[in-house]
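The next block holds one structure in the form of structure tokens; read it before the comments.
The values are calculated or read from the model by the stated rules, or taken from the named source; none is laboratory data. Computed from a predicted model, the values in this text were never measured in an experiment. Backbone-built Cβ (ideal geometry, glycine too); neighbour counts: all protein chains shown. Keep in mind that these areas ignore ligands, DNA and RNA; they rest on the heavy atoms of the full protein, side chains included. Shrake-Rupley method; radii C 1.70, N 1.55, O 1.52, S 1.80 Å.
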Amino acid sequence: MILFSLTSTELRLITLKYKEDIMESKEQKKGMNRRQFTKLLGGLSVGATGAALAGPMADAAAAEEQAQNLRDKFRKIKNPIKVDPNKFKRFNAKDQAFNSLPRDTGENCHEQAIQSSLQQWKTGSIGQNLPRTSIAEARTQMAFFWSMERMNTLTGYHGEGMENKGALSWNDELFDEEHMPDFPAPTLTDPKELTPLAKICARLGGADLVGICKLNRNWIYSDVQRNPYIPGDPITKKITFEDVEKPIETDDKLIIPDDVNYAIVTAFAMNRPLIQTSPSTISSGAASLGYSRMGFAAQTICAYIRAQGYHAIPCKNGVGLSVPMAIEAGLGQDGRNGLLITPEYGPNVRIDKILTNMPLIPDEPIDLGVHEFCRHCKKCARECPSKNITMGERSFDGPTSATLSGVYKWQNDPKKCLAFWVENGSVCSNCIAVCPFTKGKMWAHSVTEWSIKNVPAADGIWLNLDDAFHYGERRKTKDVFASTDIAPYGLDPDKFGKSRLR
């Protein structure tokens, strides 16, 4: 009925909007060459180095300019995150679902989920309430998951409890003391020069999106748990900001220097066809590949920053909360599912952040109209097998200690979500797979985005249309294996060039 309440002018604008986006998209694809590199670097005073880098870095610069152009279409806003100071306190990592659920159940639920994914193939199982398949196919799914998880494991796993350890060392302590690089004081100090270079480095490291924000200490964990995932008493260590020369760890705390004032926030797109098989074993592989790429990029970015003479603290999922930093860095908005919604990939991304004292220029938050759309849609909540996603309105009050009370958002229950993962034997990505924003940039989605911003009365029709066109229905894994369009790192073939399998 909402459709018929629109005026003829509004309907005509909605119908014609996609033509403009198609033409604009074609124009954006033209001329993505060294011009973007030169424009992005502006007046960078690195002499011949700029010219030498122009060729190999042109694609990274072009991708960053395209992302900036896309964000220029959306309304720039001041920090949209509302905090109730009477209810808010910095989140303690001991309350993360992966840490608090084991204390509730008496079981290491993380280990349970991993072991289940490695064993359930023997019965042909690929997920809870999913049709059983042949043992060979189930084992193949497990093998893909295990392979895509490998680099994640080697680069600091997901980051929780790994702060300042191994690959996630805050001072590059993978080197022994004798071979530890001792880089001199910075040569480049102008944020106008350093910002584009940092973004290009992030993209060369594999980031699909990169934004910068002033570091908001509200989002840094008050404490980390040094014995993660176990059912026993948590061993915690505080994170503090102090006047120190470099990041250090003492017997009772992790210390971030006071001059660490910026976060470089990166996002990594996941393979959409694999995600759409959720909650199957192989959908876990898509998430693991995202984390693996994240780990590689984190090493790349941090090494670059340190070589320029600045501090770099890698985080992955650790150290602090990723979604609010990504919002403040202009990468997107938070949705009903509690995830970051980006204009390019919807929630189908993994987020990392690098904390640094390198002087940088922050990006501005954007308004995609996500909050208005999510109020009407509720598709993620409808399709959530654990029913942890709320059907209600945004609130300051979370249902458990595993959520962040004091922040105005959709308050969900991550422990319910994790409990389903354990039962399922692999992660669940249903809320990502069915989200209309996961479509990415296509004309129908552009029409929807335009309508959200300009004709909010039409919001109610989009879910019905989404269902009518069968978008978000679970994809059969045999169809994924039959695909011949496979691109490096699982990216969209149209984005990263096709590799034809024969």
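Across the stretch 118-157, the qualifying residues are those that are open to solvent by less than 30 Å² (accessible area, probe 1.4 Å) and within 28 Å of Ser401 (Cα to Cα), and the one among them that is nearest to the chain's Cα centre (by Cα) is Asn152. Of the residues Ser116, Ser125, the single one that is over 17 Å from Pro314 (Cβ atoms), in a helix (DSSP H, G or I) and hydroxyl-bearing (Ser, Thr, Tyr) is Ser116.
Contact map, the stretch 67-90: first residue open to solvent by less than 60 Å² (accessible area, probe 1.4 Å), second residue among the β-branched types (Val, Ile, Thr), Cβ cut-off under 6 Å, separation 6 or more or different chains; pairs are Arg71/Ile366; Phe74/Ile366; Val83/Val407. Is there a residue being in a loop (DSSP other than H, G, I, E, B), buried (at least 23 other Cβ atoms within 10 Å of the Cβ) and either in contact with a helix residue (DSSP H, G or I) (Cβ under 8 Å, 6 or more places away or on another chain) or touching a residue at least 12 places away in the same chain (Cβ under 8 Å) (or both) anywhere in the stretch 94-102? Within the stretch 94-102 (the criterion being in a loop (DSSP other than H, G, I, E, B), buried (at least 23 other Cβ atoms within 10 Å of the Cβ) and either in contact with a helix residue (DSSP H, G or I) (Cβ under 8 Å, 6 or more places away or on another chain) or touching a residue at least 12 places away in the same chain (Cβ under 8 Å) (or both)), the answer is yes, since at least one residue qualifies. In the condition set (1) modelled with pLDDT of 95 or more; (2) more than 14 Å from Val210 (Cα to Cα); (3) open to solvent by less than 10 Å² (accessible area, probe 1.4 Å), Asp334 is compliant with all but (3).
Selection over the stretch 311-327 of residues that are surrounded by fewer than 24 Cβ atoms within 10 Å (Cβ to Cβ) and more than 12 Å from the chain's Cα centre (by Cα) gives a count of 1. Being touching a Gly at 6+ places or on another chain (Cβ under 8 Å) and assigned to a helix (DSSP H, G or I) is a condition met by no residue of the stretch 305-315. Residues that are under 22 Å from the mean Cα position of the chain (by Cα) and of a type in the set (A, V, I, L, M, F, W, C) within the stretch 390-418 comprise Ala402, Leu404, Val407, Trp410, Cys417, Leu418, listed in sequence order. Assess whether Glu364 counts as being in a loop (DSSP other than H, G, I, E, B) and open to solvent by 30 Å² or more (accessible area, probe 1.4 Å). So Glu364 fits the description; yes. Selection of the stretch 175-233 for residues being over 23 Å from Lys316 (Cα atoms) and β-branched (Val, Ile, Thr) yields Thr187, Thr189.
Within the stretch 138-168, the only residue that satisfies the criterion of being more than 21 Å from Ile275 (Cβ to Cβ), among the small types (Gly, Ala, Ser) and without any contact (Cβ under 8 Å) to a residue 40 or more places away in the chain is Gly166.
Under the condition of being closer than 21 Å to Tyr157 by Cβ and modelled with pLDDT of 95 or more, the residues counted in the stretch 228-255 number 8. Count of the stretch 337-361 residues, restricted to those that are open to solvent by less than 20 Å² (accessible area, probe 1.4 Å), in a loop (DSSP other than H, G, I, E, B) and among the aliphatic types (A, V, I, L, M), is 2. Here is a check on your reading of the model: is Glu111 acidic (Asp, Glu), more than 23 Å from Ala298 (Cβ to Cβ), at pLDDT below 90 and more than 27 Å from the chain's Cα centre (by Cα)? For Glu111, the condition - acidic (Asp, Glu), more than 23 Å from Ala298 (Cβ to Cβ), at pLDDT below 90 and more than 27 Å from the chain's Cα centre (by Cα) - is not met. Hey, any hits in the stretch 235-247 for a residue that's under 22 Å from Asp95 (Cα atoms) and either touching a helix residue (DSSP H, G or I) at 6+ places or on another chain (Cβ under 6 Å) or aromatic (Phe, Trp, Tyr) (or both)? Yes: the stretch 235-247 contains one or more residues that are under 22 Å from Asp95 (Cα atoms) and either touching a helix residue (DSSP H, G or I) at 6+ places or on another chain (Cβ under 6 Å) or aromatic (Phe, Trp, Tyr) (or both).
Ala136 satisfies every condition listed in (1) among the aliphatic types (A, V, I, L, M); (2) more than 30 Å from Ala298 (Cβ to Cβ); (3) not in a helix (DSSP H, G or I) except (3).
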